[in-house]
Protein chains: 4
Amino acid sequence: MIVSMKTGATKEEIDTVVEKVHSYGWDVQMNVGTEKTVIAVLGSNTGQVSTDIFAVLSGVDTVTRIMKPYKLASREVKAQDSLVSINGIEIGGKRIVVMAGPCAVESEEQLMEAAEVVKDAGASILRGGAFKPRTSPFSFQGLEKKGLELLRKVKEKYGLPVVTEIVDARDVSMVGDAADILQVGSRNMQNFTLLTAIGKSKRPVVLKRGFSCTVTEWLTAADYLLAEGNTGVILCERGIRTFEDSVRFSLDIASIPVIKQSSHLPVIVDPSHAAGHYSLVPSIAKAAIAAGADGLLIEVHPKPEEALVDGLQSLTPANFARLMKELRLVAESVGRYIQ
Amino acid sequence: MIVSMKTGATKEEIDTVVEKVHSYGWDVQMNVGTEKTVIAVLGSNTGQVSTDIFAVLSGVDTVTRIMKPYKLASREVKAQDSLVSINGIEIGGKRIVVMAGPCAVESEEQLMEAAEVVKDAGASILRGGAFKPRTSPFSFQGLEKKGLELLRKVKEKYGLPVVTEIVDARDVSMVGDAADILQVGSRNMQNFTLLTAIGKSKRPVVLKRGFSCTVTEWLTAADYLLAEGNTGVILCERGIRTFEDSVRFSLDIASIPVIKQSSHLPVIVDPSHAAGHYSLVPSIAKAAIAAGADGLLIEVHPKPEEALVDGLQSLTPANFARLMKELRLVAESVGRYIQ
Amino acid sequence: MIVSMKTGATKEEIDTVVEKVHSYGWDVQMNVGTEKTVIAVLGSNTGQVSTDIFAVLSGVDTVTRIMKPYKLASREVKAQDSLVSINGIEIGGKRIVVMAGPCAVESEEQLMEAAEVVKDAGASILRGGAFKPRTSPFSFQGLEKKGLELLRKVKEKYGLPVVTEIVDARDVSMVGDAADILQVGSRNMQNFTLLTAIGKSKRPVVLKRGFSCTVTEWLTAADYLLAEGNTGVILCERGIRTFEDSVRFSLDIASIPVIKQSSHLPVIVDPSHAAGHYSLVPSIAKAAIAAGADGLLIEVHPKPEEALVDGLQSLTPANFARLMKELRLVAESVGRYIQ
Amino acid sequence: MIVSMKTGATKEEIDTVVEKVHSYGWDVQMNVGTEKTVIAVLGSNTGQVSTDIFAVLSGVDTVTRIMKPYKLASREVKAQDSLVSINGIEIGGKRIVVMAGPCAVESEEQLMEAAEVVKDAGASILRGGAFKPRTSPFSFQGLEKKGLELLRKVKEKYGLPVVTEIVDARDVSMVGDAADILQVGSRNMQNFTLLTAIGKSKRPVVLKRGFSCTVTEWLTAADYLLAEGNTGVILCERGIRTFEDSVRFSLDIASIPVIKQSSHLPVIVDPSHAAGHYSLVPSIAKAAIAAGADGLLIEVHPKPEEALVDGLQSLTPANFARLMKELRLVAESVGRYIQ
């Protein structure tokens, strides 16, 4: 951290800052300029401490963080790419992994049909929500336990690993026993109670980006999972909230190379929730692969016009099959492949 | 809802929309223009249903919501202002209620001193966090159970009601027994698991606005509390995330009159978390009262320079006492009072 | 500026940075830590130079600006509040100045009626647009030259100084001869061609904040006016673009104390364009005064329902008169007055 | 437009709305529900009129726009893709056009060297700014007229068409005579004076998106150019302002398919200004092509570490050459090519 003193700060004020630095066990180096004194705080864990501890002191002008607040998710701690393996499917390597399926599990028939079409088209993991965090309490909240049973059934029948959302820290075992990957939704990215419980469970997890969280906050949230020893963390960009109103959320395409530089964790993209409209999904999906994403999470519904949740952003089976062909070409053009 | 068909939509496409409307038990009125057909969907609960159910149908151009998605929080359901009473202190009436105290409970000494100074200056409720949802797992997370005990102690000694944050649905009874008001933090505004648990408990609750949630989403989240029969809901504006970087969050001052028009719920303002710097707190606090807020939630620390959390945005006892005097004058200028 | 080198940066890389610093005539102070080298760049005009000049060098990790990019608008250059005097009306002192009138000049009758009602209610400056920068080329663009003539007429009759918008650098003399204050609209805040022309003219100017510009960028834009020797600069906060959709723009109430700390320039508030709806204007206007604004710019129309532009956000004469009474009380509560 | 009356609106209030509709020559269709009356306004040019004209009337609850505010830029007016031809280079067809070069023209040597390297690597148009709209008046503002002369020289020598920024409506002929394409910068997207002057000149123009303007506002600004009969309009996405701080601007990748659906105009992408850092440019550039962009505008500097402007986001010649090879593969994967 860099503590810049106000013009005219007294010796006493400067000494107080220095004492505070020492009280944390850190070192200090002083820059006494003609106008301003600037104090560099040197220590390996300054990133985890609030700048406030200095900013609040008398005579201090600004405090600037040099170290990042996240630690375990950073490339500085682990230089090599992390691979997350799900039933032999490796996420984070050359292979691009497509997870697809309906937003919500609605019925056995719907889920089975969805599994069949996404498997045929080349998806390797099935998505489907049993617990749906809905904006209004009067909306359909998912089939809950019955939905989990259907996920177990479909897994057995089609041999597809399953990813499903978890919304309650008390449900980690129950949901984790039915699914291969737990999904933390955008609205729960900073639900630290939930993250800690999933961290302890060591189960693979897709951590969706909070729709108004910076990449730095996202990686710091990942630290909650990693700090409990869970190494199966997959990040998922799904669009951020901006002023633009032609889409539900603005997909932050630059977050992919930013994460690849800053973190060792694999990152996938959900084009469906960002777009909010099926007709925009293919362009965004192709862009994600071209930008370096390790996978996709796409909503596919056998009959979008009958979907209980998010039908407008779901691809039909035919559209999904066509997209998968196009994605294969884009993946190859950047030196990767879809199995 | 208004369903606008594309130019050239077929009779079949229009009929499908009409059938879907009827399947929900709603009525339809048709506007057959020279270029476009527009279908008005008439029903009292169309606000709680996604526009997707029509937007996904063939031939549909746009679907526009006329009804708001929230219901129980709206003035249409309850025209009169709701009053929330805490130990005889009424929130939502002429009296402006100031809740003040440290961000985090740090020690018995700190809490007792804080209680004394805020009570002396005229605050009527004490704030103090025992559970702190921190961005990084390596930051101080609060004294937890020990913090709750201290809150119980200080309440007894000073006779001040207490508001404290809750972060885990499993803790409703434990935290609720120590505090008079539960506080749901910004990052948990859409933690529906937590909201439902608090709703069932019927305990008074301060629902902070998610820093990237619209007023509409905020009132819809309040519906989760109200739907369980909890009538003690107090909204709290605490700033939204914008591009402006001179403050931590941009206080949305217009949200106060917007809520007063749309909802019967009382609304208070937290100037401390919005500002992020104590020197900005007085201006924002006065603006909030002038704009019609029913109360304030202000961070005060006996020694901000030693605070473990958010010291920079905490007022000193002297600054808080001065602000309270100024606030009294502003309150009177808009026909209200601080006791 | 603080240049933080990457872990493992070579001596050569560090030397290149130091040379670059010296090439600008600045001094350097080195912090050689165990992990990282941090270089402090010391010079009085580092704020006006891009951080890129160092960030682009090999081995550099991050570059952090300590000095602000604006200069003439800052309190460091001029500690005392600047007062702008318009026909004896001082803006920036204890008196709060209200500028009011229609969004657009529509006809002689409309303008005269507006002038009469705003003067009667206590406004001291008349607003009215002759040139209207409209989003669509097919919308009403203002009466242009004819509008300027009407402004000249109304000034003579009512003795009210006039503020009006300017959109073209070629019109500075023409608009300046008809009006007492030039207004630069939000969309032109970074039209540096226009700012330079107005700067050279030395005419008083209201500089509206760009709806997506930071306070820092706003003050840096003011530097364009000040750099040409124009000292009659009045800032105007009018709302910023955010995700919130219940208002047209979110009024950034905290910008007022932020500017009062950082700059010597007076700042007024336009609640009408922020709100977008007349019913929200009074709350925002009162909040602005309570927060420390030096004046208000309010839209008033004799018959809002017949307005050609922005009728929805215009107050009726009766509502404006009522608001002025309320504003007087709020102004007094913070130690100021409206004449 | 759809005018939704308040519950309990009187017959008189409804009649006033209907009269207003008729006064504009439009038709009306009434939906008299049990709770609310909804009035559909039918007319082909309702998109160009503000919703305020109805919203301001007594008894009106909300007014919803069905038609888009832009007209000439829309696919409804022109279904086929527009092609813009520059010296035989067609923008908007199967060929992807890469414009590259330095941010600012700095010297003859720099410009010549840049032209040579970008031409060799396969760029077909040279970019270079002679007039630079800088945030601070104390920053380098470009070589201005001398810069235009250098552009003329380099064009002759290398036979590369040139695109350069224009910032003043008075300079259309001067800049237009030196360059093949005029560029309107992000800060001038709503400088309607400048747009009108360029529109009248009929010269090809790259219209950069305002960094806080919606796609709808962008297309409506394009209407200013098209309304004057200028058909050579090329849109350029360059990132929008959001809360994310790891990049300068967040590239809105979804804007590409959104524009392709809504408009017939070609759209290119500037990854350099969005990223703000050269290391992020390749990923964003590849994503843009995959998403369907018609071209790219990329900053390349012979020696980025000596650049006077934006060196950090400029590619070196070697990096640019490598990127061009990668882009060719991505272009082919989506059925397009780079010559």
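Ranked from shortest, the separations from the 7 Å Cα-to-Cβ label point of A:Ser173 to its equivalents in the other copies are 2.0, 8.5, 8.7 nm.
For the protein assembly as shown, what class follows from the C-alpha gyration tensor (a ≥ b ≥ c being the square roots of its eigenvalues): rounded when a/c is under 1.5, otherwise prolate if a/b is larger than b/c, else oblate? Note, shape of the protein assembly as shown comes out rounded. Plainly put, the tip 7 Å out from Cα toward Cβ on A:Tyr24 is 2.7, 5.3, 5.9 nm from that tip on each other copy, the closest given first. Enter the Cα centre distance for the pair region C:54-117 and region B:174-204, rounded to the nearest angstrom. Cα centroid to Cα centroid, the span is 44 Å. Using bins of 10 Å that start at zero, the share of Cα-Cα pairs per bin across region D:119-184 amounts to 22, 51, 23, 4, in whole %. Comparing each chain alone with all protein chains together (probe 1.4 Å, DNA, RNA and ligands left out), the residues of region D:219-247 losing at least 10 Å² of accessible area are D:Thr220, D:Asp223, D:Tyr224, D:Ala227, D:Ile240, D:Arg241, D:Thr242, D:Phe243, D:Glu244, D:Asp245, D:Ser246, D:Val247. Across the identical copies, the 7 Å label point of D:Arg322, projected outward along Cα→Cβ, sits 3.7, 5.8, 6.8 nm from its counterparts, in ascending order. Tell me the relative contact order for chain C as a rounded percent, counting alpha carbon contacts under 8 Å between residues six or more apart. Relative contact order here is 17 percent. Local charge for A:Ala121 was computed over the other residues whose Cβ lies under 12 Å away, with Lys and Arg +1 and Asp and Glu -1, and equals +1. Remark: relative contact order (region D:203-339) = 18 percent; criterion is Cα-Cα distance under 8 angstrom and separation of 6 or more residues.
With a ≥ b ≥ c the root eigenvalues of the C-alpha gyration tensor of region A:78-197, is it rounded (a/c under 1.5), prolate (a/b larger than b/c) or oblate? In terms of gyration-tensor shape, oblate. Applying the Karplus relation 6.51 cos²θ - 1.76 cosθ + 1.60 with θ = phi - 60° to region D:304-312 yields 3J(HN,Hα) values of x, 6, 10, 4, 7, 9, 6, x, 5 Hz, where x marks Gly and Pro. Our summary gives region C:108-249 a relative contact order of 17 percent, counting only alpha carbon pairs under 8 angstrom and 6 or more residues apart. Taking square-rooted eigenvalues a ≥ b ≥ c of the alpha carbon gyration tensor, is region C:153-252 rounded, prolate or oblate, where a/c under 1.5 means rounded and, failing that, a/b exceeding b/c means prolate? Note, shape of region C:153-252 comes out oblate. Surface listing: A:Arg134, B:Arg152, B:Arg328 arranged by accessible area from highest to lowest gives B:Arg152, B:Arg328, A:Arg134, probe 1.4 Å. For the rotational copies C and D, the chain C residue with its Cβ nearest the relating axis, together with that separation in Å, is C:Ser212, 1. Annotation for the A:D interface, with buried accessible surface near 2600 Å², both sides summed [1.4 Å probe; non-protein components not counted]. Each part gets one Cα centre, and for region B:306-339 versus region C:149-170 those centres are 43 Å apart.
Quick one: Cα centre-to-centre distance for region B:1-53 and region B:238-303, in angstrom? Using only Cα atoms to place each centre, the spacing works out to 41 Å. Accessible surface of the protein assembly as shown, 1.4 Å probe: 48 percent of it comes from carbon and sulfur atoms.
Of the residues making up region C:289-325, those losing 40 Å² or more of accessible area when the isolated chain is joined by the remaining protein chains, with a 1.4 Å probe, are C:Ala290, C:Glu305, C:Leu312. With all protein chains kept in place, the per residue accessible area of the protein assembly as shown amounts to 33 square angstrom at a probe of 1.4 angstrom.
Label-to-label distance, B:Glu90 versus D:Lys94, with points set 7 angstrom from Cα along the beta-carbon direction: 7.8 nm.
When each full DSSP H helix of chain B is screened for a Cα extent of at least 24 Å along its own axis and an average Kyte-Doolittle hydropathy of at least 0.5, none passes.
The values are calculated or read from the model by the stated rules, or taken from the named source; none is laboratory data. Everything numeric in this text was worked out from a predicted model, so none of it was measured. Every residue, glycine as well, gets a Cβ built from its backbone with ideal geometry; the counts of neighbours run over all protein chains shown. Surface areas here come from the heavy atoms of the whole protein model, side chains and all, with no ligands, DNA or RNA. Shrake-Rupley method; radii C 1.70, N 1.55, O 1.52, S 1.80 Å.
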